[in-house]
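The values are calculated or read from the model by the stated rules, or taken from the named source; none is laboratory data. What you see is a predicted model, and the numbers here were worked out from it, not measured in a lab. No Cβ is skipped: glycine too gets one built from the backbone with ideal geometry, and neighbour counts run over all protein chains shown.
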């Protein structure tokens, strides 16, 4: 009888231990949901790569995509925690939002312009070039130049382009409109030039209404688009934020393997184009093959010197409401840790 009682205790203990192990195993495999704001544009490709190739799943991350029609519209929901992660272009508006107390951090590169990857080029109407009215950038004086918005990185790029000709940002007329609107404005001669992001730039050139007149020596490695974290997500869910970044940087490297000679022509390009056609607003496969892709640092690192130069431009134009520095908006700790975990980037050949 005592033996039978002992056996029951052993069995019960084993059962309890099994339940405990199963519970701890389930807890170890718990999946965290991260809400990600995106625009459905080409530079969002990294998010979709991470999703489709299981990089998020490997990090026990479930992503909920929240679609916005523009980057600036993400800032308020990001600041209030309605979304955890956002993507957008650097601008005076972002610096002003942080200065006003909106709790967001710039945490990684999402779109930059290394040599060969000038994805926001300066275009001039083809008829002005053909007629000889435009020969050099000095001929932009007094002309109408379109930009995506006031206080953005294209304005800083234009300033750098004009400096060798002893010209300033105020020596041209500025017209603000979306990139697709710029394509139409160049075609109907409503503007003379435009700083137009891909794929709109390639469309304007293909239509025969514009030519590219800038090169990557004007402003090398400019930081254009960035990954943003909500402040509470970065601080109170730091482990989840780090795992998200690990997946993001792994996807960034896969994206880099799709790039070659300023085009989508690398080993993973066909797959990346397929993923972008399925997930972004751009559906034309030939457009992907012709356009200049955005660059992204393989470790996700930011170009802080570029950010400081652009901030100085915003300040010089009176766009910045309160004193603020780049350090107030940047947190590089997540990309630094991801780079350590993943090791050096080894391009596919």
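Counting only strands (runs of 3 or more DSSP E) that fall entirely inside segment 48-121 and contain at least 2 residues that are within 21 Å of residue 198 (Cβ to Cβ), assigned by TED's automatic domain parsing to the domain that holds residue 325 and at pLDDT 95 or above, the qualifying elements are 104-113.
Surrounded by fewer than 21 Cβ atoms within 10 Å (Cβ to Cβ), out of contact with any helix residue (DSSP H, G or I) (no Cβ under 7 Å at 6 or more places or on another chain) and part of a helix (DSSP H, G or I): is that true of residue 201 in this structure? If you could, list the steps in order and put the result at the bottom.
On the way: surrounded by fewer than 21 Cβ atoms within 10 Å (Cβ to Cβ): no; out of contact with any helix residue (DSSP H, G or I) (no Cβ under 7 Å at 6 or more places or on another chain): yes; part of a helix (DSSP H, G or I): yes.
In short, no.
Does residue 190 satisfy being touching a helix residue (DSSP H, G or I) at 6+ places or on another chain (Cβ under 9 Å), outside the structural domain of residue 91 (by TED's automatic domain parsing) and farther than 23 Å from residue 113 by Cα?
Yes: the conditions hold for residue 190.
Checked across segment 208-231, the condition of being in the same structural domain as residue 44 (by TED's automatic domain parsing) and assigned to a helix (DSSP H, G or I) holds for at least one residue. When residues in segment 135-160 are screened for being more than 24 Å from residue 96 (Cα to Cα) and part of a loop (DSSP other than H, G, I, E, B), 5 of them pass.
One line per residue, one yes/no per condition, for (1) without any contact (Cβ under 8 Å) to a residue 60 or more places away in the chain; (2) over 17 Å from residue 212 (Cβ atoms); (3) surrounded by 14 or more Cβ atoms within 10 Å (Cβ to Cβ):
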site	(1), (2), (3)
132	yes, yes, no
139	yes, no, yes
142	yes, yes, no
157	no, no, yes
170	yes, yes, no
179	yes, no, yes
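Of 170, 163, all but one fail to be more than 22 Å from the chain's Cα centre (by Cα), outside any loop (DSSP other than H, G, I, E, B) and within 30 Å of residue 332 (Cβ to Cβ); the exception is 163.
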